[in-house]
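Asks: Please find one structure pasted underneath; my questions will follow.
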Amino acid sequence: MLPEFVYKIATFEQWDEALEKGTFDGAPVDHEDGYIHFSTIGQVRETASKHFKGQDGLMLVKVATAPMARHYKMETSRGGALFPHLYARLPVGDAVIWEEMQLQADGSHRFPDWFAEDESRSA
């Protein structure tokens with residue numbers, strides 16, 4: 001079942017370009033794989049740790065899935081878990097909120113306060 005919201009980690013440059021164009025076409029890994037990778041609320045912290053540790057200049061983007069639901073698929077990925085994949089460009093109007101993920105001294109990221117609120121609501 002498709003979650004109501006999914007999360008994307010993007011660079012400042014990628015998200016700025018999306019805002020200018022009106023659509024997010026994906027990161028290089030998305031282009032390689034043929035779809036835009038997203039994480040559920042329970043997956044995004046591990047995604048940040050595994051794929052973005054130590055990387056500065058990142059945004060966390062919360063996306064509503066309902067407007068483009070027919071283009072999302074929940075597919076098996078890391079560790080056999082189901083991950084949301086978007087087989088289309090993402091209209092930036094589907095993004096509910098986005099904010100910088102602060103890089104901490106240990107290379108991990110501080111997630112925005114609104115994300116912690118999302119986590120507590122989903123628990």
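Asks: Which members of the range 1-44 meet the condition of being over 20 Å from P112 (Cβ atoms), in a strand (DSSP E or B) and under 13 Å from the mean Cα position of the chain (by Cα)? It would help to see each step written out before you state the result.
Replies: Keep residues of the range 1-44 that are over 20 Å from P112 (Cβ atoms), which gives 1-2, 17, 20-23, 25-26, 28-36.
Those left that are additionally in a strand (DSSP E or B): 23, 36.
Answer for the range 1-44, where residues must be over 20 Å from P112 (Cβ atoms), in a strand (DSSP E or B) and under 13 Å from the mean Cα position of the chain (by Cα): just I36.
Asks: Checking the condition of a type outside the set (S, T, N, Q), in contact (Cβ under 8 Å) with a residue 40 or more places away in the chain and farther than 17 Å from S122 by Cβ, which residue from A10, A64, A27 passes? Talk me through it step by step, then tell me what you get.
Replies: On the way: A64 fails: farther than 17 Å from S122 by Cβ; A27 fails: in contact (Cβ under 8 Å) with a residue 40 or more places away in the chain.
Result: A10 is the single residue among A10, A64, A27 that is of a type outside the set (S, T, N, Q), in contact (Cβ under 8 Å) with a residue 40 or more places away in the chain and farther than 17 Å from S122 by Cβ.
Asks: Looking only at the range 69-123, how many residues end up being within 12 Å of the chain's Cα centre (by Cα) and either at pLDDT below 95 or loosely packed, with under 14 Cβ neighbours inside 10 Å (or both)?
Replies: Adding up the residues that qualify gives 2.
Asks: Still on this model: Among (1) surrounded by 12 or more Cβ atoms within 10 Å (Cβ to Cβ); (2) at pLDDT below 95, there is one condition M1 misses while meeting the rest; what is its number?
Replies: So M1 meets the others, but not (1).
Asks: Looking at this structure, is G54 loosely packed, with under 12 Cβ neighbours inside 10 Å and modelled with pLDDT of 95 or more?
Replies: Values: loosely packed, with under 12 Cβ neighbours inside 10 Å: yes; modelled with pLDDT of 95 or more: yes.
Yes; evaluated as a whole, the condition is true for this residue.
Asks: Could you check A48 against (1) out of contact with any helix residue (DSSP H, G or I) (no Cβ under 9 Å at 6 or more places or on another chain); (2) in a strand (DSSP E or B) and say which number it fails?
Replies: (2)
The values are calculated or read from the model by the stated rules, or taken from the named source; none is laboratory data. Treat the numbers as computed from the prediction; the structure is a model and nothing was measured. Counting neighbours? That spans all protein chains shown, and the Cβs are built from the backbone with ideal geometry, glycine included.
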